[in-house]
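Only one structure is covered here, and it is reproduced in the block below.
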Amino acid sequence: MGEPAGPHPPTHAGLLGRLARGDWAGRLLRLLLVVVISSAAAWLLAPAGASRLPGPEALGTPAVATVKADRDYDIVDADATHRRRAEAAQAERPVYVLDTGAPDEAAARVHAAFQLMREESAAAAARHARDPGELQRRYAAQRDAFVSRLQVLVRDEDLAALGQARFSEAVEGELVALARRGLDGIVVGDLALLVAERERGLVVRAVHDGVVQGERVLTDLALVREAATATEEVERAAAARLEREPAALRLAVQRIATAMVRPTLGHDQVETARRREEAAARVKPVVIPVKRGEKIVGDGERIEKRHLVVLDGMRAQRRGEVLAHVRLGAGALVALMVALLWRVARRNLPRFRPARRDALLLATLLVGTFALGFVGFAIADALQDRFPALAPPALQYLVPFAAGAMIVRQVLAADAALLFALAAGLAAGLLAGQSMSYALYATFTSIAAAGLVSGQRDRAGIFRAGVGVGLVGVALAIAIGLFGGKGTGDVAISALAAFAGGALLLPVAVVGVLPILEVAFGYVTDVKLLELANLNHPALKELIVQAPGTYHHSILMGSLVEAAAEAIGANPLLAKVCAYYHDVGKIRNPLYFAENQRGGENRHDELAPSMSALIVKRHVTDGVELARHWRIPRLVAETIPQHHGTRHVGYFWAKAQRAAEEGTGRSAAIDEALFRYPGPKPQSREAALVMIADACEASSRALEVHTGEALRGLVSKRINEVFSEGQLDECELTLRDLNAIAGAMVRALEAIYHTRPDYPARPQEPGPRQLPIHLVAKP
């Protein structure tokens with residue numbers, strides 16, 4: 001024994017210890033991967049050669065080299081843009097406001113004014129004023145109020161004439177009718193001002209009490225009256241309607257009605273100006289689109305003015321750029337993309353729990369995606385030089401950017417594949433010269449690849465998924481081409497390239513890379529796992545023949561670990577396959593295991609506990625040998641020794657201790673190593689699930705009743721035992737995971753031990769349709 005440590009251990013040792021024991025290694029690995037990805041992206045994304053663009057001094061001289069666009073450019077034509085915006089503003093119709101409430105408002109004014117005077121008449125009558133002069137004086141006293149309510153100047157003689165009629169309701173009705181006639185419809189001050197708008201029409205906004213009721217386009221000027229015309233109509237109507245009235249009253253009503261006629265349609269200059277400004281703003285700038293890889297001027301070609309327009313536009317957009325700064329920005333952009341996607345997925349996707357190996361795979365594939373795009377675009381540029389009729393964007397659709405997402409979905413869960421599809425799509429857009437359309441194409445095809453390859457059981461399924469991705473690519477290429485205003489020929493070539501890239505190049509790339517990744521990273525794809533999960537596999541067929549009890553135990557465990565893996569975000573298929581093969585070594589000595597014993601015979605009864613433990617532990621080494629014989633993948637075969645970890649052979653360890661106590665009266669020294677599995681402890685979550693399920697399923701057989709409470713107690717006890725023994729120290733299970741595992745396994749056991757209620761016998765109903773049936777044994 002060494003000396004005890006002091007109260008203050010060295011600081012550097014504590015730091016190194018925390019780095020070794022904690023998650024610092026994982027954090028440093030992730031940081032290193034981000035640096036590698038961003039560094040690779042910086043060199044592959046950064047454009048070069050902007051300073052070598054020919055300038056105005058090269059006009060008329062031969063180009064010393066071919067100049068191509070290193071990314072997508074939109075060069076704005078300022079003159080054409082200004083001209084189109086001016087045309088759009090002038091094409092906007094002028095806006096006029098129509099006061100549809102003018103007749104009602106005039107009627108209300110007339111009624112208010114006449115009501116005032118009738119109230120004076122009533123007040124005079126209440127005072128028993130008999131003198132007509134007194135009533136006229138009262139009317140005269142209210143003249144200003146009458147004019148204020150009527151909002152029309154009234155002559156003295158007109159007021160006197162109305163007074164003679166006592167401002168009766170009949171006179172009020174006639175005046176209202178005439179005022180409505182004059183204000184009805186559309187009335188303008190000068191119709192000649194609208195003639196210029198006859199062709200395109202004008203916008204009429206109906207307004208009532210200050211609230212816009214709607215608008216319409218007016219082109220028929222026959223519906224519009226001038227105010228003078230409306231006045232004449234009122235005069236003629238007054239002469240006709242009031243011919244039997246005294247002349248003074250008729251003239252008074254006529255003058256007031258014509259005075260109330262006014263234009264109801266007016267030009268809204270503010271709204272017209274606003275709409276014309278908006279129309280001009282809606283006009284997009286006129287741009288000269290230059291796509292990545294498009295040839296601006298060829299080697300030896302004489303540089304003309306049209307070339308300089310494009311070159312000057314490119315130079316203006318690249319002004320102030322420094323190659324080192326561009327590369328730094330590209331690396332930082334990719335680093336932010338990777339870090340943000342990773343962090344969001346970790347926080348919001350409960351099942352996204354990648355191991356360090358998974359992070360390394362994702363980083364490798366993302367760097368490979370950048371390299372694939374870089375090389376693919378270079379080949380596309382070379383092909384475009386060889387075949388000038390082919391547009392560069394069409395050739396870019398040949399690059400199988402969806403390969404990474406399809407590979408990820410083969411070895412990892414769907415959320416990881418979806419995350420990678422988004423990252424790969426953004427990377428493709430950056431490689432294509434910051435092309436949004438190509439980013440959408442790569443992202444959607446990657447998502448389609450990840451979704452279509454899921455559930456494929458063989459290599460041919462990858463090619464079927466590739467055909468589906470190719471069809472998705474065709475649809476995307478057509479949509480992008482039509483949206484971009486391309487011709488039918490360019491759209492057809494793009495669609496053909498997209499189908500070839502998805503249906504041919506994509507599955508070839510995936511099938512070629514997958515075996516390399518399986519060897520390099522130790523992954524087992526879903527295709528291989530589904531082959532192993534087939535119950536017709538030779539190993540499982542041998543197991544059911546030689547050890548049927550073990551076979552049944554393994555199948556039940558498959559249900560338990562599959563449910564638990566889904567609960568914690570592990571690989572359910574991998575966990576189930578590991579459960580199927582974890583006890584394959586019992587094929588060689590099946591009768592030494594309780595689940596295969598029948599008739600009460602137990603071969604361990606006549607063996608020493610140490611010998612029994614040795615035989616039981618041997619099924620681990622036998623299983624490893626048989627796994628090698630059947631070429632079971634290493635990831636699955638590793639579960640055979642790990643599912644027991646370093647635990648005791650519990651039954652015989654306890655038996656040996658009892659025997660020692662009975663023989664000596666005290667617990668004699670027993671070589672514990674004889675009764676302990678050699679390990680290692682579970683290294684993965686799936687192996688840990690197999691260990692827990694093995695203990696829970698075997699123990700559940702000994703329960704007398706399989707109630708939910710009993711199963712919960714059993715599962716909790718077994719998980720606590722495994723945890724307290726330190727068997728889970730080397731895998732990435734958390735306490736939250738253990739709670740989820742317990743709940744999932746309890747539900748699975750409840751489903752396994754579910755019993756149906758006894759159904760009551762159905763009473764027989766006598767009737768003519770009942771037929772007597774007698775079972776007669778055959779001789």
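For residue 108, the conditions (1) more than 30 Å from residue 314 (Cα to Cα); (2) buried (at least 18 other Cβ atoms within 10 Å of the Cβ) are fulfilled apart from (2).
Let me confirm something: among 484, 512, 489, 461, which residue is of a type outside the set (Val, Ile, Thr), without any contact (Cβ under 8 Å) to a residue 24 or more places away in the chain and over 14 Å from residue 403 (Cα atoms)? Spell out how you get there, then give the answer.
Working: 484 fails: without any contact (Cβ under 8 Å) to a residue 24 or more places away in the chain; 512 fails: over 14 Å from residue 403 (Cα atoms); 461 fails: without any contact (Cβ under 8 Å) to a residue 24 or more places away in the chain.
Only one candidate qualifies: 489.
Counting the residues of segment 131-169 that are within 21 Å of residue 247 (Cβ to Cβ), of a type in the set (Phe, Trp, Tyr) and part of a helix (DSSP H, G or I) gives 1. Which is modelled with pLDDT under 90, more than 31 Å from the chain's Cα centre (by Cα) and under 20 Å from residue 416 (Cβ atoms), of 520, 594? The conditions single out 520.
Pairs meeting the criteria (first residue in segment 203-217 and within 15 Å of residue 101 (Cβ to Cβ), second residue surrounded by 12 or more Cβ atoms within 10 Å (Cβ to Cβ) and β-branched (Val, Ile, Thr), beta carbons under 7 Å, at least 6 apart or on different chains) are 205/95; 205/97; 206/100; 207/97; 207/100; 208/100; 213/100; 213/207. Checking 382, 414, 427 one by one, the residue that is more than 25 Å from residue 572 (Cβ to Cβ), among the small types (Gly, Ala, Ser) and open to solvent by 40 Å² or more (accessible area, probe 1.4 Å) is 382 and no other.
Just for helices (runs of 4 or more DSSP H) wholly inside segment 547-639: which have at least 1 residues that are hydroxyl-bearing (Ser, Thr, Tyr) and surrounded by fewer than 18 Cβ atoms within 10 Å (Cβ to Cβ)?
Details: elements: 548-568, 572-581, 609-629, 634-637.
Hits in segment 547-639: 609-629.
Of all residues in segment 174-217, which are under 48 Å from the mean Cα position of the chain (by Cα), aliphatic (A, V, I, L, M) and exposed (fewer than 12 other Cβ atoms within 10 Å of the Cβ)? Outline the logic, then answer.
Our first condition is that a residue be under 48 Å from the mean Cα position of the chain (by Cα); within segment 174-217, this holds for 200-217.
So of that shortlist, the ones also aliphatic (A, V, I, L, M) come out as 202-204, 206-207, 211-212, 217.
Listed by number, the residues that qualify are 211, 212, 217.
If you go through segment 410-447 and keep only what is assigned to a helix (DSSP H, G or I), more than 15 Å from residue 369 (Cα to Cα) and not hydrophobic (A, V, I, L, M, F, W, C), you end up with 410, 415, 437.
Tell me which helices (runs of 4 or more DSSP H) are completely within segment 6-125 and hold 3 or more residues being at pLDDT 75 or above, of a type in the set (A, V, I, L, M, F, W, C) and within 36 Å of the chain's Cα centre (by Cα), or say none if there are none. Spell out the reasoning first.
On the way: elements: 11-21, 24-45, 78-91.
Of the helices (runs of 4 or more DSSP H) lying wholly inside segment 6-125, those with at least 3 residues that are at pLDDT 75 or above, of a type in the set (A, V, I, L, M, F, W, C) and within 36 Å of the chain's Cα centre (by Cα) span 24-45.
Would you say residue 478 is in contact with a helix residue (DSSP H, G or I) (Cβ under 6 Å, 6 or more places away or on another chain), at pLDDT below 90 and open to solvent by 50 Å² or more (accessible area, probe 1.4 Å)? Criteria not met by residue 478. Checked against the criterion of being more than 20 Å from residue 67 (Cα to Cα), among the acidic types (Asp, Glu) and open to solvent by less than 70 Å² (accessible area, probe 1.4 Å), the candidates 358, 312 yield just one match: 358.
Just checking, which of 520, 495 is open to solvent by 40 Å² or more (accessible area, probe 1.4 Å), more than 30 Å from residue 596 (Cα to Cα) and among the small types (Gly, Ala, Ser)?
Details: 495 fails: open to solvent by 40 Å² or more (accessible area, probe 1.4 Å).
Just a single option satisfies the conditions, and that option is 520.
To keep it simple, each residue is scored yes or no on (1) touching a Lys or Arg at 6+ places or on another chain (Cβ under 6 Å); (2) of a type outside the set (Ser, Thr, Tyr).
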| position | (1), (2) |
| --- | --- |
| 32 | no, yes |
| 36 | no, yes |
| 61 | no, no |
| 89 | yes, yes |
| 94 | no, yes |
| 99 | no, yes |
| 126 | no, yes |
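Could you pull out the residue among 735, 771, 711 that is farther than 19 Å from residue 579 by Cα, loosely packed, with under 12 Cβ neighbours inside 10 Å and at pLDDT 90 or above?
On the way: 771 fails: at pLDDT 90 or above; 711 fails: loosely packed, with under 12 Cβ neighbours inside 10 Å.
Checking each option against the conditions leaves just 735.
The values are calculated or read from the model by the stated rules, or taken from the named source; none is laboratory data. The shown structure was predicted, so the numbers you read here are calculated from the model rather than taken from an experiment. All Cβ positions, even for glycine, are placed from backbone atoms using ideal geometry, and neighbour counts span all protein chains on display. Just so you know, the surface numbers come from the protein's heavy atoms only, side chains and all, with ligands and any DNA or RNA stripped out. Shrake-Rupley method; radii C 1.70, N 1.55, O 1.52, S 1.80 Å.
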